[in-house]
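**Student:** Below you'll find the structure I mean.
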Amino acid sequence: MEAVPVRARVFVACVAVAALLCLLPLPDVHTPWWAVALLAALYAGCERVARSRFVGISHPAGTFSPVLLAGAFLLPAPAAALVAVPGALLSHVEQRPVALRRVWRAAQLVLGVWAAARVHWALGGRDAVVAGDVPYALGPAGAAVLAFCLVLALLDGGILALAERVPVRRAWRGLVARSLAPIAVHGLAGLMMAVLWRSPYGPVAALLVLLPMCVSWWAFAQYHRERAAHQATIRALVQAVDIKDGYTRGHSERVGQASMMIARELGMDDERVEVLRFAGILHDVGKLGVPTRLLRKDGPLTPEERRVIELHPEYGHEMVRGIGFLGEARAAVLHHHERLDGTGYPYGLMGSQIPESARVVAVADAFDAMTSTRSYSRARPVAVALAELKRCSGSQFDPVMVAALVEAVGRAGWRPAVTADDVHPPRIPPPGAPVSSRPGAHR
């Protein structure tokens, strides 16, 4: 997002102005400024550690919320909002424009913490914290956490819609649900910090609450670092396939995208959607075991050559069988060329015998193959490709998966791609020919 659209810059400016308005009453606020300084320094330090080499990656939760929420439970709203400013403005930013992103993050956190502190104060949470009445304090603290989460989600969705041109409904979909659980845990830690801070043991005892949070933060970051390593492994395999079969460069990524669209349309959870994306990306990895001359052959394949190419699902399955995190994606690699009528390969499975993941990838694979120009076929329009999938549903493809893709493409659209130089006149199959009879369809 280096070239930020003007409307997004205007949105950031408006949010920054709103944040400044929240901070304006600071001169008139009666508050222990040493506490504000300590919490601000603590938050800035935690942010630096969270993005250091010790952790390895930026934490997916985005910010160290326990300190911010402790400030919201301890301080007046303007002073609590000020706690976030130094850490946000000094935080490490990898993408440009750096200054704009820092201002955006600071303004977003100021508004979130200010809203949380106001809600907490209005519900009498400050009195419960001072009295150490934890059971009573849970209600106001929970409402404050919800306010904090809603403000961040509202602003995140707005900038996503304006800067990345994501449809408004999709920009906000799931933001609160994904962030509420981790922020709630951080809120509980922040409440414990606030109660201990007000106890006879003082701020030192409150800081001890951060120790287990830092350990869990580090462990969670290592988990995501491992996931990043997994994705790097997958990218390396896909790049190897693209180098070997230049005619289908980019095909794997697009099949992964289409598989993800189908999975989301079917209402699958995020973890399974990710697995099916991996399945789509890796479905042709077995081509590494097929002679290059066959993959790049322009003319029709002989029956013997076709039998060699039809071994690629089994080759691929052998290659990914030991990669545990792929889950059911391994079955999709093996069975994505099976057909519902039992005439597919490698095992001739029928109907529900074919794993669901393979039925998803089969539709995604055929759709991208039809909408991409290759050496042996010219790209079909998206509408024609979808009509062909419908025509072959029930015999070759699962009708449920086809309907899901039709709905997803109708709502989000699809960008067809040229995946090969059109150096030879493409051979167009007759309009009535099924997808499976297209020249090279099983390559």
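**Student:** When the expected Rg is taken as 2.2 N^0.38 Å, what fraction or multiple of it is the alpha-carbon Rg of the range 241-397?
**Tutor:** 0.99
**Student:** Could you list which residues have their amide H under 5 Å from that of F397, counting only those 5 or more apart in sequence or on another chain, with H placed in the peptide plane?
**Tutor:** Amide H to amide H, under 5 Å and 5 or more residues apart or across chains, F397 pairs with L340.
**Student:** Right, next: Leaving out ligands and nucleic acids, note down the accessible area per residue over the range 282-363 with a 1.4 angstrom probe, in whole Å².
**Tutor:** Using a 1.4 Å probe on heavy atoms only, each residue of the range 282-363 averages 42 Å².
**Student:** Please give every one of the lysines within straight-line cross-link reach of K287, meaning a C-alpha to C-alpha distance under 22 Å, and leave out same-chain neighbours fewer than 8 residues apart.
**Tutor:** Partners within reach: K244, K297.
**Student:** Can I ask one more? Just order 153-162, 71-80, 262-271 by mean Cβ neighbour count inside 10 Å, highest at the front, would you?
**Tutor:** For the peptides 153-162, 71-80, 262-271, the packing ranking is 71-80, 153-162, 262-271.
**Student:** A further question on this structure: Using the Karplus curve 6.51 cos²θ - 1.76 cosθ + 1.60 with θ = phi - 60°, work out ³J(HN,Hα) for each residue of the range 402-413 in order, rounded to whole Hz, and write x for Gly and Pro.
**Tutor:** Going residue by residue, I get 4, 4, 5, 5, 4, 5, 5, 5, x, 8, 9, x Hz, with x marking Gly and Pro.
**Student:** Grab the beta carbon distance between W33 and Y201, set R0 = 22 Å, and tell me the FRET efficiency rounded to 0.05.
**Tutor:** Once rounded, the FRET efficiency stands at 0.50.
**Student:** Please report, in whole Å, how far the alpha carbons of the range 123-163 spread along each principal axis, starting with the longest.
**Tutor:** That works out to 46, 13, 12 Å along the principal axes.
**Student:** Moving to a separate point now. In nm, to one decimal, how far is the modelled label at L26 from the one at L311, with both set 7 Å along Cα→Cβ?
**Tutor:** 7.1 nm
**Student:** Checking a compactness column here: for the range 330-385, what do you get for Rg(Cα) / (2.2 N^0.38 Å), N being the number of residues?
**Tutor:** Numbers: Rg = 12.5 Å, N = 56, 2.2 N^0.38 = 10.2 Å.
This ratio for the range 330-385 stands at 1.23.
**Student:** Could you size up the charge dipole of the range 264-310 around its Cα centre, putting +1 on the beta carbon of Lys and Arg and -1 on that of Asp and Glu, and report it in debye to the nearest 20?
**Tutor:** Once rounded to the nearest 20, the dipole reads 360 debye.
**Student:** Please list T343, T233 in order of solvent-accessible area, largest first, computed with a 1.4 Å probe with all protein chains present.
**Tutor:** Reading off the accessible areas and sorting them downward yields T343, T233.
**Student:** Taking 0.36 nm per intervening residue step and subtracting the Cα-Cα distance, what contour gain separates Y347 from A387 on full extension?
**Tutor:** Here the segment from Y347 to A387 would lengthen by 11.6 nm.
**Student:** Could you work out the per residue convex hull volume over the alpha carbons of the range 85-137, in cubic angstrom?
**Tutor:** Value for the range 85-137: 90 Å³ per residue.
**Student:** Here's another thing I want to ask about it. Suppose we look only past 17 Å in the calculated P(r) of the range 257-348. What percent of the Cα-Cα pairs does that tail hold?
**Tutor:** When all Cα pairs of the range 257-348 are counted, 55 percent exceed 17 Å.
**Student:** If one puts a single equal scatterer on every Cα of the range 1-46 and applies the Debye formula without solvent, what log₁₀ I(q)/I(0) results at q = 0.21, 0.24, 0.29 Å⁻¹?
**Tutor:** Result of the Debye calculation: -0.84, -0.88, -0.97.
**Student:** Here's a follow-up. Based on the Cβ-Cβ distance of R378 and D298, what FRET efficiency does E = 1/(1 + (r/R0)^6) give at R0 = 22 Å, to the nearest 0.05?
**Tutor:** Numbers: r = 14 Å, r/R0 = 0.63.
Given R0 = 22 Å and the Cβ-Cβ separation, E is 0.95.
**Student:** Related question: For L90 and A229 in the same chain, what is the full-extension length gain: residue separation times 0.36 nm, less their Cα-Cα distance, in nm?
**Tutor:** Extra length available between L90 and A229 comes to 47.2 nm.
The values are calculated or read from the model by the stated rules, or taken from the named source; none is laboratory data. What you see is a predicted model; the values in this text were computed from it and never measured. Ideal geometry is used to build each Cβ from the backbone, glycine not excepted, and the neighbour counts take in all protein chains shown. Just the protein is used for accessible areas: all its heavy atoms, side chains included, with ligands, DNA and RNA removed. Shrake-Rupley method; radii C 1.70, N 1.55, O 1.52, S 1.80 Å.
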